[in-house]
Amino acid sequence: MKKLLFLLFLPPLIFANFFQDRVKHVAPGDYIVTEQDKNISLIRIHSFNKERLFLEEISFPSPLTPSIRNEWQQWIFAGAKGHTSWVLYEIAIKEATVIRAYSYTRSSWVEMRDQSHFISSLFHLSFTEEPAKMRKRVGPPPPPTEEIDRRTIWSPPAVVEGKALPCPKFSVYYVDWPKDGSELAGKTVEFYFADNYPFPFWIQVLGTGNTVVSKVIDSGRNLSSLYPDLPSK
């Protein structure tokens, strides 16, 4: 599942207008911290222009989280002690393609060959916005005699700089994943997006138990990078 850790944050790129509209509202230093299978990734907008987006991803095991939560900047400037991977991705916005990636951990360029299968799948999926009436709600369903479901629509938690937002609002999209041999093959996957933010805050597989694939445990803005430029190839 580790190969999907970063790539699961690329679905907005497959419909360019949607993604480009979200990019207009973000800035270098915007970040999220995600949790997946006891692995944590800090994903940060490094920089961007009209043609390219640079995303920085620092991954580390979840046991480190309590010691560095809300101290992301100091941790990065100290070299992100304990990290297992530190990669900068260059993405062509119009073509929705990861052009190249550089590993700061290994001080070398990353071979993209092993990731092409997942990228190919993501860039050819069809995403559908989920109407409000189909959204999951809080509490037991009303009795058949009631025509209107007055229950509150469920939303995942939204944490900004260590603080939970009250009543967060999300747009929800789902996709039927192709039978491509991956762990998501043949399943319906749901993505929760906050307004004016390019990353999904919650990803889950619908069905028995609604298995959570990835969730955001923190987010924020104005996070600086230890590495301001992409090395020359």
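The values are calculated or read from the model by the stated rules, or taken from the named source; none is laboratory data. None of these values were measured; they are calculated from a predicted model. Positions of Cβ are generated from backbone atoms using ideal geometry, with glycine treated the same way; all protein chains shown enter the neighbour counts. Calculation scope for accessible area: heavy atoms of the full protein, side chains included, ligands and nucleic acids excluded. Shrake-Rupley method; radii C 1.70, N 1.55, O 1.52, S 1.80 Å.
Entry remark, the range 41-76: residues being aromatic (Phe, Trp, Tyr) and more than 19 Å from residue 230 (Cβ to Cβ) number 3 in total.
Select from the range 31-46 the residues that are within 11 Å of residue 218 (Cα to Cα) and of a type in the set (Val, Ile, Thr) and list them in ascending order.
32, 33, 34, 40, 43
Count, please, the residues in the range 126-148 that happen to be open to solvent by 50 Å² or more (accessible area, probe 1.4 Å) and in a loop (DSSP other than H, G, I, E, B). Walk me through it before giving the result.
Initial filter on the range 126-148 (open to solvent by 50 Å² or more (accessible area, probe 1.4 Å)): 126, 128-129, 131-134, 136-138, 140-141, 143-148.
Among the residues that remain, those that are also in a loop (DSSP other than H, G, I, E, B) are: 126, 131, 136, 138, 140-141, 143-148.
Matching residues across the range 126-148 total 12.
Which numbered condition in (1) open to solvent by 60 Å² or more (accessible area, probe 1.4 Å); (2) at pLDDT below 90 is the only one that residue 5 fails? For residue 5, the failing item is (1).
The set of residues in the range 177-220 being over 15 Å from the mean Cα position of the chain (by Cα) and among the charged types (D, E, K, R) consists of 179, 180, 183, 187.
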